[in-house]
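Engineer: Please read through the structure below; I'll follow up with questions.
The values are calculated or read from the model by the stated rules, or taken from the named source; none is laboratory data. The structure displayed is predicted, hence computed values, not measured ones. Cβ atoms come from the backbone with ideal geometry, glycine included; neighbour counts cover every protein chain shown. For accessibility, only protein heavy atoms count, side chains too; no ligands or nucleic acids. Shrake-Rupley method; radii C 1.70, N 1.55, O 1.52, S 1.80 Å.
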Amino acid sequence: MAEETVLIEPAFAVHDSTPSSRTASIRTTAVLAAIPEWWAHRAAAAGLNGVWLDVRTAMSAIPPLPLSLGRCDAGAALVHSGHTLGQAYVESLSPRTRSEHGRHYTPEILADRLWRMAREALGWTSDDHQLPGLVRDPACGAGALLLPVLREHLRASYSTDPSITLAQLANHIQGIDQDPWAVYLANVVLAAEVLPTLARIPENLRRPVPVLAVVGDGLAPLYPAALVSIMNPPYGRLKLDDATRSRFSETLYGHANLYGLFMAAGAAGLTDDGVLAALVPTSFSAGLYFHKLREHLADQAPLRSLTFVQDRAGVFNGVIQETCLAVFARQRSQWVDVARSNGTITAVATVPSPRGSRPWLIPRESSDAALAAAASALPLTLSACGWHASTGPLVWNRRKHDLHALPGTGRLRIIWAADIDGGTIHRDSARDDKRYLATSLPSDSTVMVLGEPAVLVQRTTSPEQVRRLVAVDLSPSVLTELGGSVIIENHVNVLRPTLQAPLISRTTLARVLATPTFDRLMRCISGSVAVSSYELASLPMPAPAVLASWENLDGDELVDAVEQAYRIVGME
């Protein structure tokens with residue numbers, strides 16, 4: 001009688017009856033069904049036999065359901081390394097499940113790199129080290145980040161009694177995750193690395209490989225302090241109950257993002273000489289919602305090294321934001337080593353360790369290292385100079401019935417992002433069918449209408465655009481030509497004065513934002529195509545006397561003066 005195949009879903013799976021969801025479940029089942037054959041092959045290759053070829057008796061971890069789930073392609077199972085087996089599991093999950101829960105497998109090159117950065121922050125030499133404390137992954141998935149850690153520990157422990165090494169493993173390696181099948185797979189993958197050590201123990205003294213990963217909440221404040229907290233945490237906004245928000249109050253502002261909570265919890269759960277190593281979006285380094293987290297980390301565990309992940313194709317499918325490997329250490333350092341990963345690791349620069357809550361200036365190119373260092377030391381921000389940045393209020397698809405191609409009573413001209421591309425205000429024909437907004441709501445006069453001169457900046461640029469910072473002066477004469485009042489669409493930022501006499505005038509500000517120096521400065525703040533109003537307001541600015549000296553400059557003279565102001569500070 002043929003054995004029935006039981007379809008498996010992770011604990012966090014989104015339950016639906018779509019064909020794609022059922023196909024994903026079949027793929028997940030196939031990956032898990034390959035485990036017994038995979039294990040037997042690995043155990044035999046390590047020189048084991050008998051009961052040690054059976055994953056059910058050779059390790060202490062127990063699967064959520066019996067593993068005898070159906071037939072599998074044994075040949076395919078044998079070619080998997082621990083990394084590829086874990087990757088196959090994550091990739092078998094439905095796109096919806098992966099997206100909603102931020103599930104992404106960590107490629108081997110990044111797992112190795114993150115551990116290398118963490119051990120350097122500990123001050124270790126290039127020689128293999130036995131772990132002197134606990135290394136924890138609070139969102140371990142299938143265990144990718146713990147593999148290089150375990151491998152080094154086992155290499156360094158080779159001369160130690162293998163029975164002692166095996167018995168103490170759980171004191172050095174810990175994975176936590178809410179998906180029971182991912183946890184079981186992590187235990188399988190990690191235990192397979194221990195098989196050569198197990199084979200060196202006399203058979204009558206052998207014990208099953210201990211559990212190294214457990215099902216649980218990696219954010220729970222119940223775990224012992226770790227020497228290293230290493231993670232590729234899930235991403236995504238979430239609503240918090242009052243108790244959780246209170247617990248994280250020192251690092252939270254506005255919307256909570258899961259990865260920010262994991263970083264805060266990881267830093268809080270370190271020993272006095274501990275290290276936090278995380279694969280996360282770079283939004284923590286510049287975004288408004290993370291400003292309290294930045295200040296907290298800079299105070300408690302300053303940034304020690306950072307590697308930008310440039311090529312995410314096939315690595316973090318569906319993740320559009322810039323991603324990085326970031327390492328923080330309790331032991332303070334004045335400097336941060338910056339690199340980038342694009343299949344290979346390339347050093348970028350060594351820059352001063354960022355401090356405070358303002359967006360951190362971290363160069364993506366070595367040529368911008370001096371600029372980032374100089375700008376970090378400047379005394380003012382654009383906000384402090386008397387300019388307020390906001391996002392255009394018109395979200396057009398919420399006002400479809402009020403959009404018109406032709407002018408009319410109560411209709412005002414809309415300025416779209418494409419209308420300011422190139423540094424001048426023009427009329428992009430692609431938006432001519434939505435050129436005017438009928439101000440039909442009572443709040444439009446105070447919320448929607450812009451009736452004063454301003455500086456407009458594109459909020460989102462396309463990858464093929466040469467510049468990331470595209471600004472234009474909405475002068476009194478241009479505003480008059482457009483009818484005296486306009487509507488600003490949501491993909492445009494608006495800079496308006498908050499002082500009667502700002503430290504830099506509107507016309508000069510528009511010219512300064514158009515300089516190459518400021519475009520490079522924005523790229524040190526954000527590696528994405530988005531330019532937020534918060535980032536604009538936080539742009540570092542020089543002293544008032546320097547700003548005043550720019551007022552009568554234009555063209556190459558202004559370009560050179562701005563470049564000089566962002567070069568001399570911090571370079572003497």
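Engineer: Need pairs with beta-carbon distance below 8 Å; first residue modelled with pLDDT of 95 or more and within segment 278-293, second charged (D, E, K, R) and part of a loop (DSSP other than H, G, I, E, B); sequence gap 6+ or separate chains.
Structural biologist: Close Cβ pairs (under 8 Å, with a partner that is charged (D, E, K, R) and part of a loop (DSSP other than H, G, I, E, B)) amount to H291/R358; K292/E250.
Engineer: Report the residue count in segment 264-292 for those that are open to solvent by 10 Å² or more (accessible area, probe 1.4 Å), out of contact with any Cys (no Cβ under 8 Å at 6 or more places or on another chain) and of a type outside the set (G, A, S).
Structural biologist: Summing the residues that are open to solvent by 10 Å² or more (accessible area, probe 1.4 Å), out of contact with any Cys (no Cβ under 8 Å at 6 or more places or on another chain) and of a type outside the set (G, A, S) in segment 264-292 gives 9.
Engineer: Only one residue in D421, D428 is closer than 27 Å to H401 by Cβ and modelled with pLDDT under 95, so which one is that?
Structural biologist: Going through D421, D428 in turn, the sole match is D428.
Engineer: Of everything in segment 381-417, what is under 30 Å from R340 (Cβ atoms) and hydrophobic (A, V, I, L, M, F, W, C)? Give them in sequence order.
Structural biologist: Hits for segment 381-417 are L382, A389, A417.
Engineer: If you take the residues of segment 527-548 that are among the aliphatic types (A, V, I, L, M) and under 17 Å from Y566 (Cβ atoms), which of them is surrounded by the most Cβ atoms within 10 Å (Cβ to Cβ)?
Structural biologist: Across segment 527-548, the extreme among qualifying residues is L536.
Engineer: I would also like to ask the following. Taking segment 351-367 on its own, how many of its residues are more than 15 Å from D337 (Cα to Cα) and under 17 Å from the mean Cα position of the chain (by Cα)?
Structural biologist: Residues in segment 351-367 being more than 15 Å from D337 (Cα to Cα) and under 17 Å from the mean Cα position of the chain (by Cα): 1 in total.
Engineer: Just checking, does segment 296-306 include any residue being in a helix (DSSP H, G or I) and surrounded by fewer than 17 Cβ atoms within 10 Å (Cβ to Cβ)?
Structural biologist: Scanning segment 296-306, I find at least one residue that is in a helix (DSSP H, G or I) and surrounded by fewer than 17 Cβ atoms within 10 Å (Cβ to Cβ), so the answer is yes.
Engineer: Look at S333 and say whether it is surrounded by fewer than 22 Cβ atoms within 10 Å (Cβ to Cβ), in contact with a strand residue (DSSP E or B) (Cβ under 9 Å, 6 or more places away or on another chain) and in contact (Cβ under 8 Å) with a residue 60 or more places away in the chain.
Structural biologist: Judged against the criteria, S333 is not a match.
Engineer: Could you say which residue among T508, T461 is modelled with pLDDT under 95, under 23 Å from P359 (Cβ atoms) and open to solvent by less than 30 Å² (accessible area, probe 1.4 Å)?
Structural biologist: T461
Engineer: Scanning segment 511-526 for residues that are open to solvent by 10 Å² or more (accessible area, probe 1.4 Å) and either in a loop (DSSP other than H, G, I, E, B) or in contact with a strand residue (DSSP E or B) (Cβ under 6 Å, 6 or more places away or on another chain) (or both), which turns out nearest to V348 (Cα to Cα)?
Structural biologist: Top of the filtered list is S526.
Yes/no per residue for (1) among the β-branched types (V, I, T); (2) at pLDDT 95 or above; (3) part of a strand (DSSP E or B):
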{"site": "L469", "(1), (2), (3)": "no, no, no"}
{"site": "D473", "(1), (2), (3)": "no, yes, yes"}
{"site": "S477", "(1), (2), (3)": "no, yes, no"}
{"site": "T480", "(1), (2), (3)": "yes, yes, no"}
{"site": "G484", "(1), (2), (3)": "no, yes, no"}
{"site": "R496", "(1), (2), (3)": "no, yes, yes"}
{"site": "L503", "(1), (2), (3)": "no, yes, no"}
{"site": "Y534", "(1), (2), (3)": "no, yes, no"}
{"site": "A548", "(1), (2), (3)": "no, yes, no"}
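Engineer: Next question, about the same structure. Spot the failing condition for L166; the list is (1) out of contact with any Phe, Trp or Tyr (no Cβ under 6 Å at 6 or more places or on another chain); (2) modelled with pLDDT of 95 or more; (3) within 26 Å of I109 (Cα to Cα), and only one is missed.
Structural biologist: (3)
Engineer: Give the residue, chosen from I109, I176, I164, that is of a type in the set (A, V, I, L, M) and surrounded by 21 or more Cβ atoms within 10 Å (Cβ to Cβ).
Structural biologist: Answer to the check: I176.
Engineer: Across segment 204-214, what is the number of residues that are surrounded by 24 or more Cβ atoms within 10 Å (Cβ to Cβ) and either in contact with a Ser or Thr (Cβ under 7 Å, 6 or more places away or on another chain) or of a type outside the set (A, V, I, L, M) (or both)?
Structural biologist: Residues that pass the stated criteria total 1.
Engineer: T160 - would you say it is in contact (Cβ under 8 Å) with a residue 24 or more places away in the chain, over 18 Å from L114 (Cα atoms), among the polar types (S, T, N, Q) and touching a Ser or Thr at 6+ places or on another chain (Cβ under 7 Å)?
Structural biologist: Spelling it out, it is not the case that T160 is in contact (Cβ under 8 Å) with a residue 24 or more places away in the chain, over 18 Å from L114 (Cα atoms), among the polar types (S, T, N, Q) and touching a Ser or Thr at 6+ places or on another chain (Cβ under 7 Å).
Engineer: Which residue, of L258, L238, L303, is at pLDDT 95 or above and at negative phi?
Structural biologist: L303
Engineer: Which residues, counting only those in segment 405-438, are under 16 Å from G483 (Cβ atoms), open to solvent by 50 Å² or more (accessible area, probe 1.4 Å) and in contact with an Asp or Glu (Cβ under 9 Å, 6 or more places away or on another chain)?
Structural biologist: Once the filter is applied, which keeps residues that are under 16 Å from G483 (Cβ atoms), open to solvent by 50 Å² or more (accessible area, probe 1.4 Å) and in contact with an Asp or Glu (Cβ under 9 Å, 6 or more places away or on another chain), segment 405-438 yields R411, H426, R427.
Engineer: Can you name the residue in segment 221-233 that is in contact (Cβ under 8 Å) with a residue 12 or more places away in the chain and hydrophobic (A, V, I, L, M, F, W, C) and is also surrounded by the most Cβ atoms within 10 Å (Cβ to Cβ) among such residues?
Structural biologist: Out of the qualifying residues, it is I230.
Engineer: Search segment 35-46 for residues that are over 13 Å from G82 (Cβ atoms) and pair each with any residue that is part of a loop (DSSP other than H, G, I, E, B) when their beta-carbon atoms are under 6 Å apart and the residues are at least 6 apart or on different chains.
Structural biologist: Short answer, once both residue conditions are applied: P36/L67.
Engineer: For I201, indicate whether it is under 28 Å from T57 (Cα atoms), in a loop (DSSP other than H, G, I, E, B), open to solvent by less than 60 Å² (accessible area, probe 1.4 Å) and of a type outside the set (S, T, Y).
Structural biologist: So I201 fits the description; yes.
Engineer: Would you tally the residues in segment 277-295 being part of a strand (DSSP E or B) and either closer than 11 Å to P233 by Cβ or of a type in the set (K, R) (or both)?
Structural biologist: Qualifying residue count for the region: 4.
Engineer: Would you mind finding the one in G260, G218 that is touching a strand residue (DSSP E or B) at 6+ places or on another chain (Cβ under 7 Å) and surrounded by 14 or more Cβ atoms within 10 Å (Cβ to Cβ)?
Structural biologist: Among G260, G218, only G218 is touching a strand residue (DSSP E or B) at 6+ places or on another chain (Cβ under 7 Å) and surrounded by 14 or more Cβ atoms within 10 Å (Cβ to Cβ).
Engineer: Against the condition more than 23 Å from A267 (Cβ to Cβ) and either open to solvent by less than 20 Å² (accessible area, probe 1.4 Å) or at pLDDT below 95 (or both), how does W181 come out, does it pass?
Structural biologist: In short, yes.
Engineer: Looking only at residues that are open to solvent by less than 10 Å² (accessible area, probe 1.4 Å) and of a type in the set (A, V, I, L, M) in segment 143-161, which one is farthest from L122 (Cα to Cα)?
Structural biologist: A144
Engineer: Take the conditions open to solvent by 70 Å² or more (accessible area, probe 1.4 Å) and without any contact (Cβ under 8 Å) to a residue 60 or more places away in the chain and apply them to V466. Does it pass?
Structural biologist: Considered against the rule, which asks whether it is open to solvent by 70 Å² or more (accessible area, probe 1.4 Å) and without any contact (Cβ under 8 Å) to a residue 60 or more places away in the chain, V466 comes out as yes.
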